[in-house]
Amino acid sequence: MPRHTGFTLGVASLVGTTVGCLILWKLIKRRRQQLYANVDQNVLCNGLTTGVQDSDHDVRQPLEKERSVSVEKILQAEVKIISKAEEWETVWPILQQDLNMYPVLGMDCEWVSVDGRTNPISLLQMASHSGLCVLVRLPRLASSACNIPRTLLTLLANSSVLKVGVGCWDDASKLMNDYGISVKGIVDIRYLAMRHRRDLFQNGLSLKSLSETILCFSLDKSFQLRCSNWDADEFTNDQVFYAARDAQVSVALFLQLLGFFSSDSSTTWESFLGKCQGLIDVPFKGKGLVNGDINVVSKQKEGPTEQTNVNSQGDPRRYKKKPLGVGYSVRKSPLYDNCFLHAPDGQPLCTCDRKKAQWYLDKGIGDLISSDPFVVRLRFEPSGRPESSVDYYLTVKENLCVVCGKRESYIRKNIVPHEYRRHFPIQMKDHNSHDVLLLCTSCHAVSNYYDNNLKQQLAVEFSAPIGCEEGMRMLEDPIRRQVRSAARALLHASKLPVNRREELLSEIRAFYLVDDVTEETLKNASNLETRIFNETFTPHGLKVVQCSAKNGLKSLMELEKRWRQHFLDKMAPKFLPKQWSVDHNHSKLIKKYGEDLLIEI
């Protein structure tokens, strides 16, 4: 046999053997996946229970039994459908008990797409560690008179309660875009799976794949269920089962990956959370992974792009990679230093910050009376004195969230939003620090949600639109845009039909009122500014203030009082400074100026 023939046969045999092994390996793998997907959960649990009795079986079986029973309990837990605020208030205490024990929620969302466009989220699914699943029909709550309950908004904005799932960052972004709801404490379990189970890459990282691989539980992800009508008046049993399973499996996967079911009962929750280090509130970026190394993604998140987003002053909803609250810049120093200013005769005038008190000393117009507390006595007669010893500006104020009492991560909250306050007359801007309070980031996000609701009400009442054409400073002029398009077509389209060319030239001649269109005219028209100033434009805040001020000072004070009462009603603050009042300074202003004082805005 020739030498080259033997060599060819050897190579062919080697290639054939390799291909045969690959095909056999694929068949075995597919068979194993089918077995896992089709296995009945009850049979699995019974098999594991029986296996524990046999001491010759794998030593890991007792742990598998404990895990499977726990997962089974989660998947068989009660499901509650919430369509009204009263229904939420009924289930909230039960859910709160679970969260007090282990603050984690499996989370998922469902919505409907029509003609390729996604509608607002129809259903929010949340499941606790016990498996209790709450299906919240957001459109029905948002359209009700009392809006979405504050306890639900606070729960979602609370970063100490983890919200876990596959793609939960995207769900959180959509909740912000659709309803202005802030979600914090997000953990994508795909990151957790890649960190602790590197073997999962070959089977995929979808919720269905993770469930089959880790929990040996098959999820029904059929098209009929996934794309069913989530806006229906009543859900079918299959819809309820499908929606609940997604949230319950998410929390079960999270606990399993942390080793929750197989760990000693004395293991603290904090030790479990250590395995989530660097994964909280991180958007999933599968393409940026290096061998499943999450640390690479974490470093990317801290780069210049993210920092730019955090420090931006625009609408946080423009940045799809973070929900409201995450980018808040919390105070690095206390707001209240509680330094005192005294009149020359020793009468207390007000409290102030340390910087202001020091200014009087540096200018030589005040004397330091005490260092603790810091008291400065003025050397001149002040323009005004407090009317009583219980004046608001004489009270010592604590640096804490006035709603929940949290003493860290707080920021300033303007009770009367700046877009209204900035247009108030000078008489009502005096001493407006009364309406600047401290809120933690979670309560601030919840408060902003309710503020947006009131703004929408004011927009309707005073015909002061927000974000529509009447509320835009610049408008697109269709005639100018048509002329610009015509000029660009004439400059760049060399094969235009004669009739069409003449039609475009006539548009340009009519706009510029000329008989001949030169090359220079075409160039000017091709760069024509198409936006024009909207002469009817009036900012929303200014129009509301103008309408409120038509009936005098008292009418404008009613707007101020309305915002203050709105804050009390929606946020129910428990730690307000003493003497804080919805009609603060009003009697003093009426006494000084009269309630019919005409206000020019």
query: Using a probe of 1.4 angstrom, how much of the accessible area of segment 328-477 is carbon and sulfur, in percent?
result: 49 percent
statement: Heavy-atom accessible area per residue of segment 324-399, all protein chains kept, 1.4 Å probe, expressed in Å², is 59 Å²
statement: Around Gln347 (Cβ within 13 Å, Cβ-to-Cβ, excluding Gln347; K/R +1, D/E -1) the net charge comes to -2
- request: Calculate the spin-label point distance for Arg509 paired with Ser206, positioning each point 7 Å from the Cα along the beta-carbon direction, and give it in nanometres.
  value: 6.3 nm
query: For the charge dipole of segment 116-186, defined by +1 on Lys and Arg C-beta atoms and -1 on Asp and Glu C-beta atoms about the Cα centroid, which residue among Leu123, Ala172, Val183 has the Cα displaced farthest towards the positive pole?
result: Leu123
For segment 279-284, Karplus couplings with θ = phi - 60° (6.51, -1.76, 1.60), whole Hz, Gly/Pro x: 10, 7, 6, 10, x, 6
Distance in nm between pseudo-label sites at Thr530 and Asn177 (7 Å out along the Cβ direction from Cα): 2.4 nm
- prompt: For Arg480, what is the net charge nearby, where nearby means another residue's Cβ is under 14 Å from its Cβ and Lys, Arg count +1, Asp, Glu -1?
  reply: 0
field: Links that overshoot a 23 Å alpha carbon limit, given the list Lys363/Lys429; Lys429/Lys578; Lys397/Lys455; Lys429/Lys588; Lys550/Lys592; Lys84/Lys574
entry: Lys363/Lys429; Lys397/Lys455; Lys84/Lys574
query: Going by average Cβ neighbours within 10 Å, how do the peptides 147-153, 522-528, 358-364 rank, with the highest at the top?
result: 147-153, 522-528, 358-364
field: Local net charge near Leu400, Cβ-Cβ under 11 Å (Lys/Arg +1, Asp/Glu -1)
entry: +2
query: For the pair Arg412 and Glu461, how long in nm is the line joining their label points, each one 7 Å along Cα→Cβ?
result: 2.6 nm
query: Hey, what's segment 112-227 come to in accessible area per residue, 1.4 Å probe, Å²?
result: 34 Å²
message: Run the numbers for Asn551 and His492: contour at 0.36 nm per residue of separation, minus the present Cα-Cα distance, in nm.
response: 15.3 nm
query: Over segment 92-201, what relative contact order in percent results from Cα pairs under 8 Å that are six or more residues apart?
result: 23 percent
query: Per the 1.4 Å probe, what fraction of the accessible area of segment 171-281, in percent, lies on carbon and sulfur atoms?
result: 49 percent
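The values are calculated or read from the model by the stated rules, or taken from the named source; none is laboratory data. If you're wondering where the values come from, they're calculated on a predicted model, not measured in any experiment. Heads up, the Cβs are rebuilt from the backbone with ideal geometry, glycines too, and the neighbour counts pull from every protein chain shown. These area figures cover heavy atoms from the full protein model, side chains too; ligands, DNA and RNA do not enter into them. Shrake-Rupley method; radii C 1.70, N 1.55, O 1.52, S 1.80 Å.
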